[in-house]
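Report on the structure given below.
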Amino acid sequence: GQSLEQPSEVTAVEGAIVQINCTYQTSGFYGLSWYQQHDGGAPTFLSYNALDGLEETGRFSSFLSRSDSYGYLLLQELQMKDSASYFCAVRALTGGGNKLTFGTGTQLKVEL
Amino acid sequence: DTEVTQTPKHLVMGMTNKKSLKCEQHMGHRAMYWYKQKAKKPPELMFVYSYEKLSINESVPSRFSPECPNSSLLNLHLHALQPEDSALYLCASSQDEGGTYNSPLHFGNGTRLTVT
């Protein structure tokens, strides 16, 4: 089976930098994605890593280490609107096909 | 607003009712998905359609029946549900079923289902 673990909650102040970690166990790994979901909203795609290293998209960066089955999302210059749940998600080829499985989710609270 | 439209936004149904959830996208995506999400939990995959054919069924009970009438539409037919089926049902689409950067999932805002 597949498993993805994240911290359940992270709190930070506006303007700070926060890192949300994700460790995963899976076979047939293709890549690691990150999604943001505000309360009552739809998950929205943030980033994708297929290869080791850092991908930067504006204030958000995502890192992957395939050998360690580990990745993280880095959020810089935090804003109040970044308060949301963040999910890592693994794309993997399993016996049932190519599918995206979400991690346990991290609720980020940004405070003044 | 999202480019994936789900109706209805809210649905309350009894355990003997039959209802359908609808999902529509006009992005030319060829893969469509149903996910179920309980409060404070991650989305859980239910079904995947690729090029209008069911490619993944995550051992979902038969009281949930998916249908893909064409490449833009996805339905989820509900019958004889249980109270524990109450959840947010999310529809998503992607360019294809692949895992590349060009195939992120686009989610609708979901249908919040309550089974009484």
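Please identify the chymotrypsin sites (Phe, Trp or Tyr not before Pro) of segment B:1-80 that satisfy two criteria: DSSP loop assignment and at most 13 other Cβ atoms within 10 Å. Which are they?
Details: sites: B:33, B:34, B:35, B:47, B:49, B:51, B:64; in loops: B:51.
Passing both the DSSP loop test and the Cβ count: B:51.
Mind pulling the per residue volume of the convex hull built on the Cα atoms of segment B:1-55? Å³ is fine. Each step should come with its number before you reach the end.
Numbers: hull volume 6.9 nm³, N = 55.
Hull volume normalised by residue count: 126 Å³.
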The protein assembly as shown: spread of alpha-carbon positions along the three principal axes, whole Å, largest first, is 50, 38, 32
How fast does segment B:19-97 diffuse by Stokes-Einstein, in µm²/s, taking the Kirkwood radius from C-alpha pairs at 20 °C and 1.002 mPa s? 168
Positive-pole candidate from B:25, B:48, B:86, dipole of chain B, charges at beta carbon: B:86
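Please state the charge dipole magnitude for chain A, taken about the Cα centre, from unit charges on C-beta atoms (+1 on K and R, -1 on D and E), reported in debye and rounded to the nearest 20.
Details: 6 positive and 11 negative charges, 78 e Å.
The calculated dipole for chain A is roughly 380 debye.
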Beyond 22 Å, what percent of the Cα pairs of segment A:1-83 remain? 25
So, with points 7 Å from each Cα along the Cβ direction, the residue B:9-residue B:73 label distance in nm works out to 2.3
Once you charge only the Cβ atoms, +1 for Lys and Arg and -1 for Asp and Glu, what is the size of the charge dipole of the protein assembly as shown about its Cα centre, to the nearest 20 debye? 760
Along the charge dipole of the protein assembly as shown, Cβ charges K/R +1 and D/E -1, which of B:65, A:25, A:84 sits furthest on the positive end? B:65
Over 23 Å between alpha carbons, listed pairs A:99/B:36; A:109/B:38; B:18/B:41; A:81/B:36; B:22/B:53: B:18/B:41; A:81/B:36
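Rule-based calculations on the coordinates, nothing more; no lab input. Nothing here was measured: the structure is a model prediction, and the numbers come from that model. Don't worry about glycine lacking a Cβ; one is built from the backbone with ideal geometry, like all the others, and counts go over all protein chains shown.
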